[in-house]
Amino acid sequence: MPAVVVVVLIVIAVLVAAGLFFRSRGGGVAQRSVASAIANQAPALSEVDFKVEGATAHVFFDTRIPAAGADDVLTALMGREALRVFETKADHLPLEAVRHVVAHGKQGDASIQVTTVDVRTPAEMDHMDVPSADDIVQAGEVSTEEVDPLAAVHAMEFGRGTGYRGGGDELPPLSDELVIPAKVIEAVGGAGGTVAGMSLEDFISGLLRTSGYEVSPSSADGTRTARKAGVSTYLQFVEHVPGSHPELDEGSVDAFVMKFMGSGSDRGMLFTPKFGPYAIYEKERRNAKVKYMTRERLQAFVDSVAMG
């Protein structure tokens, strides 16, 4: 076989393989659920106190626990956050003997135990002695400033994620995908109420009010301002219209930056039930004051509010 023919066949084979590879990464892949699309870095939620008694570490949060107790969603969230706090402390405290972490919340002024989680892998601190069962490590109190979920989520590093991966243009209701603790639903929808069918703007605005923000009335272009402790946040809401593309369009991405810059607010956040395009990462890299809370990021915001 002539050498030229061989070269041509090799080139064709490489092009076909490349086409199949990129196709496998593009359309035809089912969309991820919001609950499974978590941020690369967990919210920096403030704990009130941390101490260790023998083989058990205790993490005390300011999280309000309803009179009926924490539901399964809030219990799991607090257990996960307590373990995160422990792992952070293990970087600089002698915690090799700890086998269990207890998460505490508050009912009124009283602290109550919510859940206990096991330490999967004991922290390795080779340069420190292993404490005895009678040792108590007291880390002291952490700042108890006002809970600011917007600041916590705004500071998160979400990474590039996967965004929209093809499929139909219709998006299921967010209430079907977000994992929302009962206390959050009650705070927004009222006792015995629901958030099903609620617009994202009403849902987010309700969450912010329950967290102590002063939220302005909605403007004609779907914008509001949230204020707390002297800090203002410019809010833009872009709802998903049935039949429209499920990914946030780049026109809305650019328009939001321009509106925020003219608003005079300290930071800006766009909320949408749509998925986020690649362009949002470049916008956030260039301007640290803006954040796009797209579909795959909203669970982190709900978690941050639930821990308050």
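Filtering V52, V34 for residues that are in contact with a helix residue (DSSP H, G or I) (Cβ under 9 Å, 6 or more places away or on another chain) and modelled with pLDDT of 85 or more leaves a single hit, V52. Could you list, in sequence order, all residues of region 275-308 that are in contact (Cβ under 8 Å) with a residue 60 or more places away in the chain, of a type outside the set (D, E) and in a helix (DSSP H, G or I)? Selection gives Y281, R295, R297, L298, Q299, A300, F301, V302, S304, V305, A306. Exactly one residue among V188, V184, V195 is touching a residue at least 60 places away in the same chain (Cβ under 8 Å), assigned by TED's automatic domain parsing to the domain that holds L298 and under 25 Å from G69 (Cβ atoms), and that residue is V184. Scan region 224-242 residue by residue and report those that are under 15 Å from S211 (Cβ atoms) and crowded, with 21+ Cβ neighbours inside 10 Å. The answer is A226, T233, L235.
All conditions in (1) at pLDDT 90 or above; (2) of a type outside the set (G, A, S); (3) in contact with a helix residue (DSSP H, G or I) (Cβ under 9 Å, 6 or more places away or on another chain) hold for T210, with the sole exception of (1). Pairs are defined by a Cβ separation below 7 Å, a sequence spacing of at least 6 or placement on different chains, a first member in region 252-274 that is part of a helix (DSSP H, G or I), and a second member that is among the basic types (K, R); the pairs so defined are V253/K283; V257/K283.
Examine region 267-281 for a residue that is of a type in the set (G, A, S) and more than 18 Å from R297 (Cβ to Cβ), and state whether such a residue exists.
No: zero hits.
Of everything in region 206-248 that's hydroxyl-bearing (S, T, Y) and more than 14 Å from P149 (Cα to Cα), which residue is nearest to the chain's Cα centre (by Cα)?
That would be Y234.
Residue-by-condition table, conditions (1) modelled with pLDDT of 85 or more; (2) of a type in the set (A, V, I, L, M, F, W, C); (3) within 30 Å of G230 (Cβ to Cβ); (4) in contact with a Cys (Cβ under 9 Å, 6 or more places away or on another chain):
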{"site": "A82", "(1), (2), (3), (4)": "yes, yes, no, no"}
{"site": "A90", "(1), (2), (3), (4)": "yes, yes, no, no"}
{"site": "E96", "(1), (2), (3), (4)": "yes, no, no, no"}
{"site": "R99", "(1), (2), (3), (4)": "yes, no, no, no"}
{"site": "V117", "(1), (2), (3), (4)": "yes, yes, no, no"}
{"site": "M125", "(1), (2), (3), (4)": "no, yes, no, no"}
{"site": "E141", "(1), (2), (3), (4)": "no, no, yes, no"}
{"site": "E145", "(1), (2), (3), (4)": "no, no, yes, no"}
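The values are calculated or read from the model by the stated rules, or taken from the named source; none is laboratory data. Fair warning: this is a prediction, and the values are worked out from it, not measured in the lab. Note: ideal-geometry Cβ built from the backbone for every residue, glycine included; neighbour counts use all protein chains shown.
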